[in-house]
Amino acid sequence: MPCQISLEKLSKTYRVTERAAGAAAAFRSLYHRTYKEVHAVRDISFTLDEGEVVGFLGPNGAGKTTTLKMLAGLLHPSAGTAQVLGHTPWRREHAYLRQISLVMGNRNQLLWDIPAMDSFLVNQAVYRIPEAEFRSTVDELVELLDLSELLRKPVRNLSLGERMKCELAASLLHRPRVLFLDEPTLGVDLTMQGRIRAFVAEHNRRTGATVLLTSHYMADVTALCKRVIVIHHGTMLFDGGLDDLAQRIAPYKLVKIDVESPEAAARAAAFGNVVEVDGVRITLQTPKAEAAATVGRLLAELPVVDLTVEDPPIEQVIGQVFAAEAGETPQAC
Amino acid sequence: MLTYWWQVYRANLRASWAMMAQYRMVVLIWALWGFVGPLVSLAVWSATASAHGGPVGQGGASFTTSDFAAYFLLFMIYGHITMSWDVFEFAYRVRTGSLSPKLLRPLHPIHEDAASNIGFKLFTTTLLIPIWAAIYLMLRPSPPTSYWWIPASLPSLALAAVMRYVLQYVLAILSFWTTRIDAVNQLYFTLDSFLSGRVAPLALLPGGLAAAAQATPFRYMGSFPVEVALGKLTPHQVLTGMAVQVAWLVAVLLLLHWTWRAGVRQYSAAGA
């Protein structure tokens, strides 16, 4: 499949003023300002093919949103290059902007005081969407996102989740070929998160749009993305399959056992690293290569009532990545 | 292409009317706010003319109470048509990052804002016409030398409106560099009040200040179309003045182009 997004050593450095607290420091800063360089994104390189849905992960301040904003043409990079659909994003050519969308969970494009449908009509004119195409797209979005009751209400009267659904719809009216989603499920309840996820998956299936998604909810990522890119402190740590991430970052298994007595539970520490004890239920962490042998020994030497072997939850894997310093853990990139 | 712009402005006009309909009283208060300056100036100058016991000023630049009424009533109407307030809104958007969704569209945000500006004026003018008529009947202002001067002033009024709008937008764009643009705007508003003829007809300003006013764009966004409508200028002065307006308009459009390009590059605001 043709490559639609390509970044080469993309970097963004902000120059910010800094001063100590207090009136004296405030006065000094009037005639002598000190600046600090903040490297929000450093030398990021990756490519995305047409139709891919990729999760872009990292803790707060990792540089995810800055990268997305550069790709959407909102920010100019300090160094590096990027091509999206054959365009340099920050040139902001209208031919480019007509083919993309950036949905930000904490930003509204909808006009606050009037029904969402009025904003849709403005988008129809701005994006030059023919009437028949506009009607059919709106009908499709109404059906997929269950918007029929929402489009006639002033946006300010909608709940956060309802507003997010309308924001998504407004961003998709012109059928963008590339969709940047920045925390699309931020602050919405679990049911609505599920709906939005299902919608993004269905939209990708129907239109073949390429999707780059950031989210703090791992459920969004596991439901939608086979591939993830992890960044931390502006540096890329990992680019690959979600399964591969667990293999490389957390090459261990979790063995959960129920034993007959608390005395037996106390002996479990001899078989691996105990990560959790809940009465007679114990969770052990053991290297993947040794998992089978450990299970054999447990069954042979302890009065085991029940036993399961699991991969560590993806949240835990990602947490492990974030906890490590970017420069010290080039495990997977 | 023309159809595209028509559709864009029509859609934005509709949206702006829908928003104004939600806040009718606030819109009316804003519209009435535009009255205050010219009304205060009118009261002061009428009192001066009465105390003077005759026209204020000399020769062709003298004003009776009725002349002041005509000047400031027209200034009130033309001021309403040329008013612009984008600085406040734009600075807020840059500060909070709410400009970002507008930058993602394949359309310069000035068009959405200009449509909203036009929408406000069309919406409020219908409310203000009876008030202007009542003021006219109360004050009995001097008629223009010929009523033909009123339609003749419309091209210069249109140029003044576009010029003021674009210049205000340039000021608004400065928010990319300083999010506390209010101080700059206050300086602009103070200069504009004196040099556009809002506080006093420029002919009555002290010599040096009157000459300085001619060299700035403020007169051409303010009193110039009023002077044309009152028939105070010769046809040659009208045409020369309009040529100056066009020159200023080209200058502010170039300024808009440069500041916008540099400003968007600069946009990395806290909330971007």
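If you go through segment B:259-267 one residue at a time, do you hit one that is more than 14 Å from every other protein chain (Cβ to nearest Cβ) and closer than 30 Å to A:W90 by Cα? Scanning segment B:259-267 turns up at least one residue that is more than 14 Å from every other protein chain (Cβ to nearest Cβ) and closer than 30 Å to A:W90 by Cα. Checked against the criterion of being facing another protein chain (nearest Cβ under 8 Å), surrounded by fewer than 21 Cβ atoms within 10 Å (Cβ to Cβ), not acidic (D, E) and not in a strand (DSSP E or B), segment A:35-51 has no qualifying residue.
Counting the residues of segment B:24-81 that are more than 21 Å from the chain's Cα centre (by Cα) and not hydrophobic (A, V, I, L, M, F, W, C) gives 17. The number of residues in segment A:100-122 that are touching a Leu at 6+ places or on another chain (Cβ under 7 Å) and either of a type outside the set (S, T, N, Q) or surrounded by fewer than 21 Cβ atoms within 10 Å (Cβ to Cβ) (or both) comes to 9. Considering every residue within segment B:178-201, establish whether at least one is of a type in the set (S, T, N, Q), within 14 Å of chain A (Cβ to nearest Cβ) and surrounded by 16 or more Cβ atoms within 10 Å (Cβ to Cβ). Yes. Counted as qualifying within segment A:101-176 are the helices (runs of 4 or more DSSP H) with 3 or more residues that are under 27 Å from the mean Cα position of the chain (by Cα) and modelled with pLDDT under 95, namely A:131-145, A:160-172.
Scanning segment A:252-260 for any residue that is under 17 Å from the mean Cα position of the chain (by Cα) and more than 24 Å from A:R205 (Cα to Cα) turns up nothing. Scanning segment A:184-193 for residues that are assigned to a helix (DSSP H, G or I) and more than 15 Å from the chain's Cα centre (by Cα) yields a count of 3. Mind checking which residues of segment A:60-113 are charged (D, E, K, R) and either touching a strand residue (DSSP E or B) at 6+ places or on another chain (Cβ under 9 Å) or at the interface with another protein chain (Cβ under 9 Å from one of its Cβ atoms) (or both)? If the condition is that a residue be charged (D, E, K, R) and either touching a strand residue (DSSP E or B) at 6+ places or on another chain (Cβ under 9 Å) or at the interface with another protein chain (Cβ under 9 Å from one of its Cβ atoms) (or both), then A:K64, A:K69, A:R92, A:E93, A:R98, A:R107, A:D113 are the ones that fit. Residue pairs whose Cβ atoms lie under 8 Å apart, separated by 6 or more positions or on different chains, with the first residue in segment A:13-28 and among the basic types (K, R) and the second part of a strand (DSSP E or B), are A:R15/A:Y35; A:R15/A:K36; A:R15/A:E37; A:R15/A:V38; A:R19/A:T34. The residues listed here are B:A213, B:A251, B:A243; of these, the one that is more than 14 Å from chain A (Cβ to nearest Cβ), closer than 16 Å to B:M163 by Cβ and surrounded by fewer than 13 Cβ atoms within 10 Å (Cβ to Cβ) is B:A243. Inclusion of A:G55 among residues that are in contact (Cβ under 8 Å) with a residue 60 or more places away in the chain and in contact with a Leu (Cβ under 9 Å, 6 or more places away or on another chain) is warranted. Among the residues making up segment B:14-32, those that are touching a helix residue (DSSP H, G or I) at 6+ places or on another chain (Cβ under 6 Å) and at the interface with another protein chain (Cβ under 10 Å from one of its Cβ atoms) are B:A15, B:S16, B:W17, B:A18, B:M20. Yes or no: segment B:33-55 includes at least one residue that is at pLDDT below 90, within 14 Å of chain A (Cβ to nearest Cβ), closer than 22 Å to A:D113 by Cβ and in a helix (DSSP H, G or I). Scanning segment B:33-55, I find no residue that is at pLDDT below 90, within 14 Å of chain A (Cβ to nearest Cβ), closer than 22 Å to A:D113 by Cβ and in a helix (DSSP H, G or I), so the answer is no.
Just one of the listed residues (B:L128, B:L103, B:L122, B:L139) is of a type outside the set (S, T, N, Q), closer than 27 Å to A:R128 by Cα and away from chain A (no Cβ under 14 Å), and it is B:L122. One residue stands out among those in segment A:141-169 that are over 20 Å from A:S215 (Cα atoms) and within 14 Å of chain B (Cβ to nearest Cβ): the one that is surrounded by the most Cβ atoms within 10 Å (Cβ to Cβ), which is A:V155.
All conditions in (1) surrounded by fewer than 21 Cβ atoms within 10 Å (Cβ to Cβ); (2) without any contact (Cβ under 8 Å) to a residue 60 or more places away in the chain hold for B:I135, with the sole exception of (2). Checking each residue in segment B:161-219 for being touching a Gly at 6+ places or on another chain (Cβ under 6 Å) and among the charged types (D, E, K, R) picks out only B:R198.
The values are calculated or read from the model by the stated rules, or taken from the named source; none is laboratory data. Because the structure is a prediction, the values reported are computed rather than measured. All Cβ positions, even for glycine, are placed from backbone atoms using ideal geometry, and neighbour counts span all protein chains on display.
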